[in-house]
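Beneath this line is the structure, given in structure tokens, with notes to follow.
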Amino acid sequence: MLRPQDTATRERRNLDGLWDFAFDPEGVGRSEGWFRTSLARRPGARQMAVPASYNDLFTTRETHDHIGEVWYQTTVHIPRGWDGRRVLVRFESATHGATVWVDDVEIVSHQGGYLPFEADLAPYLAASPRTTVRLTVAVDNRLSFQTIPPGVIESTPAGPRQVYWHDFYNYAGIHRSVWLYSTAPAHLTDVTVTTGFEGTTGQIGYAVQSAAAAGLTTTVDLYDAEGTLVTSATGAEGSLTVPDVHLWGPGDGYLYDLHVQLRSDSGVLVDDYHQSVGVRTVEVRGTQFLVNGKPFYFKGFGMHEDHITIGKAHSNADMIRDVELLHWIGANSFRTSHYPYSEDVMDYADRHGLLVIDETPAVGINQGLGGGIFGGQGYVTFSPETTNDVTREVHAQVIRDLIARDKNHPCVVIWSIANEPESDTQGAQDYFRPLFDVAREADPTRPVGFVNVMLAPHGRCRVSQFADVSMINRYYGWYVQTNDLANARIAFATELDGWASDGKPIIITEYGADTYPGHHQLPAQPWSEEYQLDYLDMNHAVFDACPAVVGEHMWNFADFMTTAGIMRVGGNKKGAFTRDRQPKMAAHHLRARWLPGIPKEHA
């Protein structure tokens, strides 16, 4: 599934803006056929921004905590110049499930809140020619044990309650852009690139797939960043040689442009597509993580797509601000915790030389952790009634879809197939073993891992054996040994020695302490900014003493919203930055560590 773009043969129209919108608290929209009529005329209808989470835009608890479907509707104008062409509508994200109608006809239904889906309108338009259609979408935020991430709807005396076990708020809505786009009937369907180099010569392998393209020829032209033609080839598969290659690397987001074309025998251009290519290699060798053959140390954060008012909606302005702060603080990488991010973010990371650990939405598959913290106790993680074989098949498809979407991004250097799942039981081992095979079959070129939780320390975890990299979340000095950093340091160092004995690189994918901005206390106590600094210093001393540690991702980049509860006062406060992206003392502290040339008085 190629992302929409404007080329000589392709055209796209952005459908973002204000759509008509209605809540469906009684769940009657489908049976009453809300897609058949104007949504704007329904009682209680209003307008809704697309993209945006709807939860924080209104002022009542009912709208903020709505469970079930909401309805979106807009009018779409089909350009006359698209007659006889494929006409598709593409949603970059609708959380967590969506069904789409064109006028009275259902055209697609999709489960999974963080990956794109699309449908071809051309058959409908051919059967009923028109230039204007009504586009209606029902978006459902409900989770079950067979969704990724999981959850359950429980009955209570006051009505249904959505329980979920991920520690971030369950924002819902159409979170990313919606596109209308067209291609020729004969069209390119997929492009896959692989890269390598030897000395100063680069190699780019390519494989192109097409549909309805019998008798057409595939050609590729490679251009450098200045627009100069480097080399060309003919055929749907092949390899390109790049002399004096400019490698993509940390802090150097150099991209080539691979122009893929379908042409007729007479040379007429039928379809074309531009694929950015960063030439680089990634390798795990012993306890080292190598980029372009050189050891790399991850400095950065677990992050969230989470912003005031718009929730999980993508915003280019917010993206630019976040990346500017990453540059300012000296970060070279981040993890898409705990779901795939917008494709715009991945493109931006490519162009800025930021390395990314790309994670599926498989978070909360751990009743021992989530059930105890967020409620919903009494479930077991793996069973025929909870997380089961059906869940695993959904999980496997999410892995395939994520890799299919992001496989060509040079920024992506590790696939993370889950965050903090139960991993110390036979059920966990049986569940995850085939999922690693799925990831490696989909992409044999990148390391695969998952993020281990403290409940499954070294020696007890039964899933880490399948991973190429040990990624661990640890909160010594916060959730355990609270306010006892001396013993926390000893316990953490002891466990790290165990992980190092596995002979794999270790990335600390989470470590952090909740800190209320502006709260100061001497001697340092938990929740104060002083304690956050002492906590960071303790952790960094442990990392620096273990040669197998190849990265540190502080949790979290910025404060973020969670479900309401007594453990979270206005959300998770572990950020180096506040939710509105202003620095705590910790941000300056990290900057002095990650940019050692910066004088401490300027950090």
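Going by the conditions given, is Arg3 closer than 30 Å to Ser210 by Cα and either part of a strand (DSSP E or B) or among the acidic types (Asp, Glu) (or both)? Considered against the rule, which asks whether it is closer than 30 Å to Ser210 by Cα and either part of a strand (DSSP E or B) or among the acidic types (Asp, Glu) (or both), Arg3 comes out as no.
Restricted to segment 236-253, and to residues that are in contact with a Gly (Cβ under 7 Å, 6 or more places away or on another chain) and not in a strand (DSSP E or B), which residue is farthest from Tyr297 (Cα to Cα)? Can you show your working first?
Step one: of segment 236-253, the residues in contact with a Gly (Cβ under 7 Å, 6 or more places away or on another chain) are 239, 242, 245, 248-253.
Adding the requirement that they be not in a strand (DSSP E or B) leaves 245, 248, 250-251, 253.
Details: Val245: 24, Trp248: 16, Pro250: 10, Gly251: 13, Gly253: 17 Å.
Looking at the filtered set, the residue picked out is Val245.
The single condition among (1) assigned to a helix (DSSP H, G or I); (2) surrounded by fewer than 16 Cβ atoms within 10 Å (Cβ to Cβ) that Pro444 does not satisfy is (1). Only residues that are among the basic types (Lys, Arg) and buried (at least 19 other Cβ atoms within 10 Å of the Cβ) were counted across segment 406-441, and they come to 1. For segment 284-327, taking the residues that are acidic (Asp, Glu) and touching a strand residue (DSSP E or B) at 6+ places or on another chain (Cβ under 9 Å), the one that is surrounded by the fewest Cβ atoms within 10 Å (Cβ to Cβ) is identified as Asp318. I'd like the full set of residues that are closer than 16 Å to Asp468 by Cα and outside any strand (DSSP E or B), limited to segment 260-296. Correct list: Thr281, Gly286, Thr287, Phe296.
Working only within segment 193-246, note down all residues that are touching a Phe, Trp or Tyr at 6+ places or on another chain (Cβ under 7 Å) and either among the β-branched types (Val, Ile, Thr) or in the same structural domain as Arg446 (by TED's automatic domain parsing) (or both). Scanning segment 193-246 gives Val193, Val220, Val230, Val245. Checking each residue in segment 43-55 for being at pLDDT 95 or above and part of a loop (DSSP other than H, G, I, E, B) picks out Ala45, Pro51, Ala52, Ser53, Tyr54, Asn55.
Yes/no matrix, rows are residues, columns are (1) in a strand (DSSP E or B); (2) touching an Asp or Glu at 6+ places or on another chain (Cβ under 9 Å); (3) over 30 Å from Asn366 (Cα atoms); (4) not assigned by TED's automatic domain parsing to the domain that holds Gln73:
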| position | (1), (2), (3), (4) |
| --- | --- |
| Arg90 | yes, yes, yes, no |
| Val100 | yes, yes, yes, no |
| Gly113 | no, no, no, no |
| Ala119 | yes, no, yes, no |
| Ala126 | no, no, yes, no |
| Arg130 | no, yes, yes, no |
| Leu135 | yes, yes, yes, no |
| Ser144 | no, no, no, no |
| Thr147 | no, no, no, no |
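Among residues of segment 510-526 being surrounded by 13 or more Cβ atoms within 10 Å (Cβ to Cβ) and free of Cβ contacts under 8 Å to residues at least 24 places away in the same chain, the one that is nearest to Ser470 (Cα to Cα) is Ala524. Applying the set (1) closer than 30 Å to Thr562 by Cβ; (2) under 25 Å from the mean Cα position of the chain (by Cα) to Leu15 leaves exactly one unmet item: (1).
For segment 213-232, the set of residues classified as part of a loop (DSSP other than H, G, I, E, B), farther than 12 Å from Val277 by Cβ and at pLDDT 95 or above consists of Leu216, Glu226, Gly227, Thr228, listed by residue number. Residue check: Val380 meets all listed conditions (1) over 28 Å from Gly503 (Cα atoms); (2) touching a helix residue (DSSP H, G or I) at 6+ places or on another chain (Cβ under 7 Å); (3) in a helix (DSSP H, G or I) but one, namely (3).
The values are calculated or read from the model by the stated rules, or taken from the named source; none is laboratory data. Computed from a predicted structure; not experimentally measured. Reconstructed Cβ throughout: ideal geometry from the backbone, glycine too, with neighbour counts over all protein chains shown.
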